[in-house]
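Participant: Handing you a structure now.
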Amino acid sequence: DAAQALLTAFRKFAVHGDTKATGKELNGKNWAKLCKDCKIIDGKNVTSTDVDIVFSKVKQKTSRVITYEEFQKALEELAPKRFKGQSKEEALQSIYKLVEGREPTNVGVTKVAKTATVDRLTDTSRYTGSHKERFDESGKGKGREGREEIVENTGYVGAYKNAGTYDTKAKTGK
């Protein structure tokens, strides 16, 4: 039934992203997520600011979470804003319908962004210059070896051919 569906939604959002959550209280972050995912925040009548204000209003002064009862109060606060022109009762039913049976979007879906751009940027075969040296053919990093510039550190500019001749020239040239 509807009351059960509402409670279920509350619980699912309550534990979202929080392994220690009991599902009995909803923190501000997940309350905001619920409002977003369930389309209570429509960006016109109800904004994320409204949602934050209502959260602060219904919770206990010292608390950082709201209980299911407070959650229902919060929805009552938001309903007339979200469904302007509906009676208080209708608005409340409408807002419950938005929430009932919903669960947080992207539950456990951490997709790796494999878009063309990322592919292109991480395709080691297209690397050039010194970066090219850092990967073998399979695209596996070579670690230190590929990074170390094995250079003679004579203190001279790279392409300077006459190493060690400057002093003599400068002195004798006078």
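The values are calculated or read from the model by the stated rules, or taken from the named source; none is laboratory data. Everything quoted here is computed from the prediction, not taken from an experiment. Neighbour counts are summed over all protein chains in view; Cβ atoms, including those assigned to glycine, are modelled from backbone coordinates with ideal geometry. Calculation scope for accessible area: heavy atoms of the full protein, side chains included, ligands and nucleic acids excluded. Shrake-Rupley method; radii C 1.70, N 1.55, O 1.52, S 1.80 Å.
Participant: State yes or no: is G23 in contact with a Lys or Arg (Cβ under 6 Å, 6 or more places away or on another chain) and modelled with pLDDT under 95?
Facilitator: For G23, the condition - in contact with a Lys or Arg (Cβ under 6 Å, 6 or more places away or on another chain) and modelled with pLDDT under 95 - is met.
Participant: Does K84 count as loosely packed, with under 14 Cβ neighbours inside 10 Å and either modelled with pLDDT of 95 or more or in a loop (DSSP other than H, G, I, E, B) (or both)?
Facilitator: Yes: the conditions hold for K84.
Participant: Name the residue, out of K61, K39, that is farther than 15 Å from I95 by Cα and of a type in the set (D, E, K, R).
Facilitator: Going through K61, K39 in turn, the sole match is K61.
Participant: Among K33, K44, K29, which is basic (K, R) and assigned to a loop (DSSP other than H, G, I, E, B)? Outline the logic, then answer.
Facilitator: Numbers: K33 fails: assigned to a loop (DSSP other than H, G, I, E, B); K29 fails: assigned to a loop (DSSP other than H, G, I, E, B).
Of the residues listed, the single one that is basic (K, R) and assigned to a loop (DSSP other than H, G, I, E, B) is K44.
Participant: So is L6 surrounded by 14 or more Cβ atoms within 10 Å (Cβ to Cβ), aliphatic (A, V, I, L, M), at pLDDT 95 or above and in contact with a strand residue (DSSP E or B) (Cβ under 9 Å, 6 or more places away or on another chain) or not?
Facilitator: no
Participant: So, in segment 87-96, exactly how many residues are open to solvent by 20 Å² or more (accessible area, probe 1.4 Å) and under 28 Å from the mean Cα position of the chain (by Cα)?
Facilitator: Looking only at that region, the number is 1.
Participant: Now, a different point. Taking into account only those residues within segment 34-59 that are β-branched (V, I, T) and surrounded by 17 or more Cβ atoms within 10 Å (Cβ to Cβ), which is farthest from T8 (Cα to Cα)?
Facilitator: Looking at residues that are β-branched (V, I, T) and surrounded by 17 or more Cβ atoms within 10 Å (Cβ to Cβ), I get V46.
Participant: Name every residue in segment 52-71 that is touching a residue at least 12 places away in the same chain (Cβ under 8 Å) and under 20 Å from A3 (Cβ atoms), in order of residue number.
Facilitator: Matches in segment 52-71: V58, I66, T67, Y68, E70, F71.
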